[in-house]
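Notes follow the structure.
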């Protein structure tokens, strides 16, 4: 899976989903990486936290190397649910990283472990509760308004986290690569003096808009120009 998305950003992939008519499912922007420069990709391995780390250990028993542990702690900001021991166990199991709809702790140790982690932030206190484990604790995890399952792929970088249907991952990656290449070419042209307005034939777009109501996205698609999607 990493090979498909190795040189693609979450922005490329989100635009590809939009172009393909696939719902763009992004984690809330408050979910961010512990350090800059992380590029994380892998099949989702969901786990719902209810106050104890045993659900994570159980989830690892169902995981494959390269998966991403997606932790649902309900977006709580009153407790950390993942610390250094969990991260180390996840790393030793060969998973690619962790995405937490909640908080982490042991930030210094997590940086030393160097396993990619995305979360809402840090909190020194762990859970003081133990709730019943739901029946779907190992099959579905919420992240913001979205539900993530093992049928999803996780892609995360400095711009955030996006969830993709695994069965359409090759198609999404192919379209995202075209968008990436188009944008790189456009940037190269701008660096040597060709403006974005010239590249997108913006004056022609204004005529078409006033003449027949053409939208800018329709105009861009006729030129195969990325820009907005």
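Read the figures in this text as sums done on the coordinates, not as results from a lab. Here the structure is a predicted model, which means the values were calculated and not measured. Cβ: placed from backbone, ideal geometry, glycine included. Neighbour counts: every protein chain shown.
Here are some notes:
- Fully extended contour minus Cα-Cα distance, from residue 108 to residue 212, at 0.36 nm per residue: 31.6 nm
- Residue among 49, 39, 62 with the largest mean-square fluctuation in a Gaussian network model of the chain, springs linking Cα atoms under 10 Å: 62
- Centroid-to-centroid separation of region 40-102 and region 1-26 [C-alpha atoms, Å]: 23
- Degrees separating the helix 10-20 axis from the principal Cα axis of the chain, which is the longest one: 60
- Extended-chain gain in nm, criterion 0.36 nm per residue less alpha-carbon gap, residue 89 and residue 194: 32.7 nm
- GNM remark for the chain: springs join alpha carbons under 10 Å apart, and the peak mean-square fluctuation among 160, 193, 37 falls on 193.
- Taking a quarter of the surface of the Cα convex hull of the chain gives a mean projected area of 14.3 nm².
- Calculated log₁₀ intensity ratio I(q)/I(0) where the Debye formula runs over C-alpha points of region 78-129, q = 0.15, 0.20 Å⁻¹: -0.34, -0.60
- Once the Cα atoms are used to define both axes, helix 169-191 deviates from the longest principal axis of the chain by about 50 degrees.
- All-pairs alpha carbon distance profile, region 63-174, 10 Å steps from 0, percent: 13, 45, 35, 7, 0
- The calculated FRET efficiency for residue 149 paired with residue 52, based on their beta-carbon distance and R0 = 25 Å, is about 0.70.
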